[in-house]
Amino acid sequence: MTDEQWERVEPLLPTNCGRRGRPFSNSRMIVNGIIYRYRTGIPWRDLPRERYGPWQTVWKRHRSYARRGVWDCVLSQVVAQADSAGKVDWTVSIDATINRAHQHATNTTRPDQDTGASSNYKNSPLGEDEPAGHGIGRSRGGLTTKIHQVVDGNGRPLAMVVTGGQRNDGAIMQDTLKDIYVPRPTGRPRTTPDTVMADRGYTSGVNREYLRDHHVKAVIPQKKNEIASQKKKGSKGGRPPAFDAEAYKGRNVVERSFNSVKQWRGLATRYDKLAVTYRSATVLHAILQWLQI
């Protein structure tokens, strides 16, 4: 982190003042060590000790922050600062990217389905933050994991959920949108965008009804079989949903955001056994994206 970025992040990080144990020290060095590890994709044990200190300290701090939802809270505050300055475009895009899970991440038991890992800002009890399947599933590419992400109109992440690679994108749309949480100086935090843009994988009656109930404009093209089915029913098929083709041209910002995510080798390939720690790194990456504005 640059000096300017650290000045913004440091006040948002927790301290152990008044608690038992050794006081937190060298927080900037440790956070930089976490970033370095995910940026390069090296094993934790290979972190340069002379620059970042003992790898155990860096790992424990990362695990503690992930379990307590620290990075989620930091992200919400950083986005809130941008929102108060009018720098958040609430025409959002949503999509998912699939990543291979390394063998070091897959030697755990996994059920056929699990809900995946989402944010921890609601302070769930310890032990209940990790999904049963660790966000790893079997797809055509083998054992894989998926990052579902919603970004603002400028391609900066607002929320992310980690699931197994076999999970359907559209089925996780609501969970991902529910993770948007932007506090405001007065009143309730903002949790819904103005417009949601998504590809055909997200078109379904359930998703469109959810967006309609929350007064969110949907910019989602229909599948060919949906169009054919409606035409076959004639007047009973109902009116086709509105689609703004011009606005849809801006959906590619989420793809560009994933390009940035995969510059971090520790995210492009998953080495973490726990979905919560892996997702926490994606949140840290999102924080750095917002700190650049």
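Checked against (1) modelled with pLDDT of 95 or more; (2) surrounded by 14 or more Cβ atoms within 10 Å (Cβ to Cβ); (3) of a type in the set (D, E, K, R), residue 226 passes all but a single condition, namely (1).
For (1) modelled with pLDDT of 85 or more; (2) in a helix (DSSP H, G or I); (3) among the hydroxyl-bearing types (Ser, Thr, Tyr); (4) farther than 30 Å from residue 249 by Cα, each residue gets a yes or a no:
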| residue | (1), (2), (3), (4) |
| --- | --- |
| 124 | no, no, yes, yes |
| 129 | no, no, no, yes |
| 135 | yes, no, no, yes |
| 146 | yes, no, no, no |
| 150 | yes, no, no, no |
| 160 | yes, no, no, no |
| 163 | yes, no, yes, no |
| 173 | yes, yes, no, no |
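Highlighted here are the helices (runs of 4 or more DSSP H) found entirely within the range 234-287 that include at least 3 residues which are closer than 17 Å to residue 158 by Cα and either touching a residue at least 24 places away in the same chain (Cβ under 8 Å) or of a type outside the set (S, T, N, Q) (or both): 253-261. Residues that are open to solvent by 50 Å² or more (accessible area, probe 1.4 Å) and either under 23 Å from residue 270 (Cβ atoms) or acidic (Asp, Glu) (or both) within the range 79-100 comprise 89, 98, 100, listed in sequence order. Starting from the range 50-65, take each residue that is at positive phi and touching a residue at least 12 places away in the same chain (Cβ under 8 Å) and list its partners that are of a type in the set (A, V, I, L, M, F, W, C) and in a helix (DSSP H, G or I), counting only C-beta distances under 9 angstrom and pairs at least six apart or across chains. From the range 50-65, the pairs are 53/29; 53/30. Taken together, the criteria exclude residue 16 from residues that are of a type outside the set (Gly, Ala, Ser), more than 17 Å from residue 72 (Cα to Cα) and at pLDDT 95 or above.
Could you list, in sequence order, the residues of the range 208-223 that are open to solvent by 10 Å² or more (accessible area, probe 1.4 Å), closer than 13 Å to residue 244 by Cα and touching a strand residue (DSSP E or B) at 6+ places or on another chain (Cβ under 7 Å)? Of everything in the range 208-223, those that are open to solvent by 10 Å² or more (accessible area, probe 1.4 Å), closer than 13 Å to residue 244 by Cα and touching a strand residue (DSSP E or B) at 6+ places or on another chain (Cβ under 7 Å) turn out to be 217, 218. The number of residues in the range 36-76 that are under 15 Å from residue 285 (Cα atoms) and over 16 Å from the mean Cα position of the chain (by Cα) comes to 6. Among the conditions (1) more than 22 Å from residue 179 (Cα to Cα); (2) modelled with pLDDT of 95 or more, the only one that residue 267 does not satisfy is (1).
Have a look at 68, 61 and point out the one that is surrounded by fewer than 18 Cβ atoms within 10 Å (Cβ to Cβ), farther than 30 Å from residue 252 by Cα, of a type in the set (D, E, K, R) and out of contact with any Lys or Arg (no Cβ under 9 Å at 6 or more places or on another chain). Just a single option satisfies the conditions, and that option is 68. Within the range 175-207, restricting attention to residues that are open to solvent by less than 30 Å² (accessible area, probe 1.4 Å) and part of a helix (DSSP H, G or I), the residue that is farthest from residue 93 (Cα to Cα) is 207.
The values are calculated or read from the model by the stated rules, or taken from the named source; none is laboratory data. This structure is a prediction, so every number in the text was calculated from the model and none was measured. Please note: Cβ atoms are built from the backbone with ideal geometry, for glycine as well, and neighbour counts cover all protein chains shown. SASA here: full protein model, heavy atoms, side chains in, ligands and nucleic acids out. Shrake-Rupley method; radii C 1.70, N 1.55, O 1.52, S 1.80 Å.
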